[in-house]
Amino acid sequence: METPLLEMKNMNKKFSGVYAINNAQLTLRHGTVHALMGENGAGKSTLMKCLFGIYLEDSGDILIEGKKVHFTDPKQALENGVAMVHQELNQVTKRDIMDNLWLGRYPKKGIFVSQEVMYNNTKKVLDDLEIDVDPKKILSTLSVSERQMVEIAKAVSYNAKILVLDEPTSSLSDKEVEHLFRIINKLRDRGVGMIYISHKMDEILRISDDITIMRDGKYVSTTLAKDLTMDEIIKQMVGREITNRFPTKENIVGDVFMQVKNLTGMYGSTIKDVSFELKKGEVLGVAGLVGSRRTELLENIFGYATKKSGEIIVDGKVVLNRNPKESIKNGFALLTEERRATGILPALTLYENATIVTLKRYLKNGLLDNSKIKKDTDWVMQSMKVKAHSPRVAIRTLSGGNQQKVIIGRWLLKDPEILLLDEPTRGIDVGAKYEIYQLINEQAKNGKCCMVVSSEMPELLGICDRILVMSNGRLAGIVDAKTTTQEEIMTLAAKYV
Amino acid sequence: MVKQEMEMYKTLSAEDKKRFITDKLLDNALYILVAVLIICVVIYNPRFISGSSIINILTLSSTRLVMALGIAGAVVLTGTDLSAGRMLGLTACISASLLQAPNYAAKMYQSLTWLPQDPNSAIIGQLVCVMILVMLVGAVIGFFNGFMAAKFMLHPFIVTLGTQLIVYGLSLIYATWGSNAGAPIGGIDQRYTNFVIGNVFGGSSFYFPWIIIYAAIISFVIWIIWNKTVFGKNMFAVGCNSEAAKVSGVSVFWTTILVFTLAGAMYGLSGFLESARVGSNTAATGNGYELDAIAACVIGGVSFTGGVGKVQGVIIGVILLQIINAALIFLNVPGSITYIVRGAIILVACAIDMRKYLTKK
């Protein structure tokens, strides 16, 4: 057997004590497309980032054409023929294509950058890939797909032997996908090995030669693509047992409390025509792939994103929820996904962080009463089991789980009727997760409605009553959490992609 | 607090002890420098710590403090305000023109006779009217600053860079109104002057001007606003993380506008005080004051990273800057060197401040 182009063996990487990848492996042959598949959080990106030198693996071997390598930064990887097109494009959008292509290695003439050489080289690479854009165009004027092509052209310009494509088609139209596949085929003919990460089953089955499946950071299997079916892939991706990681559900689902009708967002890639009902005392999960706009759904309901059309009816009354302030008055609360960006007030103490939503409640003769603020903050710290030396510390000094508990407590102080929770357990250790599940449970038991977005399927199955599945901004279906399977949800999630 | 730290210190290893002390020294480097400076000046000229010298420093600090407390709000919002000095100039001109002595020959408004001729009759009503008027003028301009920043998402640096020019233009126009042709507006009524820098203790030989009392009252009011009102709490939340504040139901738009409006009113107030203190006002009055006030905020720990700042800090910042100025004058340091020292102080203060927010890797 010939030496494989790339071999990754016994790869391990822990983040704060938890395995992100555990004994993962991958073998890439010359001139093939190798699909890497798994659920969100299965460790695909981590494995690729170890290859590319963004993360340093804790242990494991990486061999390129039989030679052991160890990259400590992306530059080394690029110089050794490994290139990666990231899911989120890291480009200097205010500069032109050639600047982006040759950034960090500008062709020089004496001490000056040679515009002429740069232009010609760029033109050559673009022509070679049949990408028809002027090298002097500013990146921000290009479409997303063109920018993606530029990124691929950049990888090619490094003469990469190994090319990693992380969800390259997530924002491309069908026609653009065809163009991308032509380029991929061309590179394959030249002997380039490509690792292709995507959630789109049909594409994977069409373009790839081998498929490696990962689950929970571990290697599951590597099979020839022609020997696999979509069902078989899904089964291998989700096939795990659900252990007792969730508290027993004690909530009683009541009558319909909120109706969402034809909700459509205004700006950017957003939700389209979403209708559903939320019942009293119900925990409604929201499932979907990355980019299925689950977050946008919650943000539109909460008025943090601008709605274009559609109606929200709470308890028989139409509510507008034009901005968060109005939504809070209408009994909504939103725990955002990005805790650091939109949740905590990092430099302020737990007092401010816990009471920002309910400040008006503490007014006495027109001024804030510290003793009331203290009382409520103490309540948050005790009932949420926040571990901190004192409420006087800045919240940024707490661990992620404790920060999250303070933010949840902030909302519970307001006693909202409808809790919108976006990835409430992201980046939190197992113990704290259980406590957050209990909190959600308790709210439902008290007749409150909860919507929980999560990328962890077992979590949704464990804590929800029903699960709403989003696919590419649209509602793909609503399933009963007791009777559904992960396979059914995965199939729905891929409905409109 | 101190006791805890002492106990903790005892448990440290020799090397950690050394680092602990270095950290403490660096964190307080500014205060140490100022202390050393004061000691040097006192050795050179003991009169530096005399009562009159200290009161002089406090008097000079007062107007700057009122202005700095306004700017501090903008800095808490990660902004700044370059229009403060020019707004002080405009409001000082307005105050002076309306409160010229009734018998002053070169009165700007010859027909304005609202101040009684008798120098012994009180004019408190008129003074309060003018004070409120100039605070309103400041508030309107401040509102405009805040609106531009909040509505069009412009950085306050840009907005106020524009408005400071506009306001200066307005001041120049105002100085040519009435019978005035751009000449300094002087001849301020003695009762107005007394109201601001008159002696609290009347004819006593110990001089303590009212302006220090006013500055103290204003500081207290601002402390209340910052710490005891929903608006104040919202201001810090918006400065700290405006998106998180928004999700929590805070109106970032109105908070920003209110902060700048309040700041504008404070500049008006400082213009009212400064006008009487300097006695003769032109459109150039207050030019560059905002830079001192911003420097004072930074020295006092109002961080440009946003969301952090205390009224006490601003007071200390203003007084420290004034002490440094006074000390350099006592040492007969030439003006040119004074600028260099003040510049260096700002840089040192910022570098020390930044240390607190950097996460060490």
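The values are calculated or read from the model by the stated rules, or taken from the named source; none is laboratory data. None of these values were measured; they are calculated from a predicted model. For neighbour counting, all protein chains shown are included, and Cβ atoms are generated from backbone atoms with ideal geometry for every residue, glycine included. Just so you know, the surface numbers come from the protein's heavy atoms only, side chains and all, with ligands and any DNA or RNA stripped out. Shrake-Rupley method; radii C 1.70, N 1.55, O 1.52, S 1.80 Å.
State yes or no: is A:ILE344 more than 30 Å from A:VAL256 (Cα to Cα) and either more than 8 Å from chain B (Cβ to nearest Cβ) or touching a residue at least 12 places away in the same chain (Cβ under 8 Å) (or both)? For A:ILE344, the condition - more than 30 Å from A:VAL256 (Cα to Cα) and either more than 8 Å from chain B (Cβ to nearest Cβ) or touching a residue at least 12 places away in the same chain (Cβ under 8 Å) (or both) - is met. Flag set for A:LYS68, criterion: open to solvent by 50 Å² or more (accessible area, probe 1.4 Å), touching a strand residue (DSSP E or B) at 6+ places or on another chain (Cβ under 7 Å) and without any contact (Cβ under 8 Å) to a residue 12 or more places away in the chain. When A:LEU187 is evaluated against the numbered criteria (1) touching a strand residue (DSSP E or B) at 6+ places or on another chain (Cβ under 9 Å); (2) open to solvent by 50 Å² or more (accessible area, probe 1.4 Å), which criterion, by number, is the only one it fails? Unmet for A:LEU187, out of (1) touching a strand residue (DSSP E or B) at 6+ places or on another chain (Cβ under 9 Å); (2) open to solvent by 50 Å² or more (accessible area, probe 1.4 Å): (2).
Of the conditions (1) touching a helix residue (DSSP H, G or I) at 6+ places or on another chain (Cβ under 8 Å); (2) part of a helix (DSSP H, G or I); (3) β-branched (Val, Ile, Thr), B:ILE132 clears all except one; give me its number. For B:ILE132, the failing item is (1). Every condition in (1) out of contact with any Phe, Trp or Tyr (no Cβ under 9 Å at 6 or more places or on another chain); (2) exposed (fewer than 15 other Cβ atoms within 10 Å of the Cβ); (3) not hydrophobic (A, V, I, L, M, F, W, C) is met by A:ASP96 except one, and the failing one is (2).
Out of B:VAL252, B:VAL196, which single residue is touching a residue at least 40 places away in the same chain (Cβ under 8 Å), touching a helix residue (DSSP H, G or I) at 6+ places or on another chain (Cβ under 8 Å), of a type in the set (A, V, I, L, M) and within 14 Å of chain A (Cβ to nearest Cβ)?
Result of the check over B:VAL252, B:VAL196: B:VAL252.
Here's the yes/no breakdown for (1) buried (at least 24 other Cβ atoms within 10 Å of the Cβ); (2) part of a helix (DSSP H, G or I); (3) within 14 Å of chain A (Cβ to nearest Cβ):
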{"residue": "B:ALA245", "(1), (2), (3)": "yes, yes, yes"}
{"residue": "B:ALA276", "(1), (2), (3)": "yes, yes, no"}
{"residue": "B:VAL302", "(1), (2), (3)": "yes, no, yes"}
{"residue": "B:GLY317", "(1), (2), (3)": "yes, yes, no"}
{"residue": "B:LEU320", "(1), (2), (3)": "no, yes, no"}
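From the list A:VAL150, A:VAL192, A:VAL156, the lone residue that is out of contact with any Phe, Trp or Tyr (no Cβ under 6 Å at 6 or more places or on another chain), among the aliphatic types (A, V, I, L, M) and open to solvent by less than 10 Å² (accessible area, probe 1.4 Å) is A:VAL150.
Tallying residues that are surrounded by 15 or more Cβ atoms within 10 Å (Cβ to Cβ) and hydroxyl-bearing (Ser, Thr, Tyr) within the stretch A:291-309 yields 3.
The condition of being open to solvent by 50 Å² or more (accessible area, probe 1.4 Å) and in contact with a helix residue (DSSP H, G or I) (Cβ under 8 Å, 6 or more places away or on another chain) holds for only one of A:LEU345, A:LEU421, A:LEU367, that being A:LEU367. Residue count for the stretch B:221-243 satisfying the condition of being surrounded by 20 or more Cβ atoms within 10 Å (Cβ to Cβ) and charged (D, E, K, R): 1.
Which is in contact with a helix residue (DSSP H, G or I) (Cβ under 6 Å, 6 or more places away or on another chain) and away from every other protein chain (no Cβ under 12 Å), of A:THR377, A:THR355? Step by step, each of A:THR377, A:THR355 is checked, and only A:THR377 is in contact with a helix residue (DSSP H, G or I) (Cβ under 6 Å, 6 or more places away or on another chain) and away from every other protein chain (no Cβ under 12 Å).
Report whether or not A:LYS124 is assigned to a helix (DSSP H, G or I) and open to solvent by 70 Å² or more (accessible area, probe 1.4 Å). Criteria met by A:LYS124. When the residues of the stretch A:310-331 are filtered to those that are out of contact with any Gly (no Cβ under 8 Å at 6 or more places or on another chain), touching a residue at least 24 places away in the same chain (Cβ under 8 Å) and surrounded by 19 or more Cβ atoms within 10 Å (Cβ to Cβ), the one that is farthest from the other protein chains (Cβ to nearest Cβ) is A:ILE312.
Which of the residues spanning the stretch A:448-476 are more than 20 Å from A:THR425 (Cβ to Cβ) and open to solvent by less than 20 Å² (accessible area, probe 1.4 Å)? Within the stretch A:448-476, A:SER471, A:GLY473, A:ALA476 qualify.
Does the stretch B:254-277 include one or more residues that are in contact with a strand residue (DSSP E or B) (Cβ under 7 Å, 6 or more places away or on another chain) and either more than 28 Å from B:ALA149 (Cα to Cα) or of a type outside the set (Phe, Trp, Tyr) (or both)?
Scanning the stretch B:254-277 turns up at least one residue that is in contact with a strand residue (DSSP E or B) (Cβ under 7 Å, 6 or more places away or on another chain) and either more than 28 Å from B:ALA149 (Cα to Cα) or of a type outside the set (Phe, Trp, Tyr) (or both).
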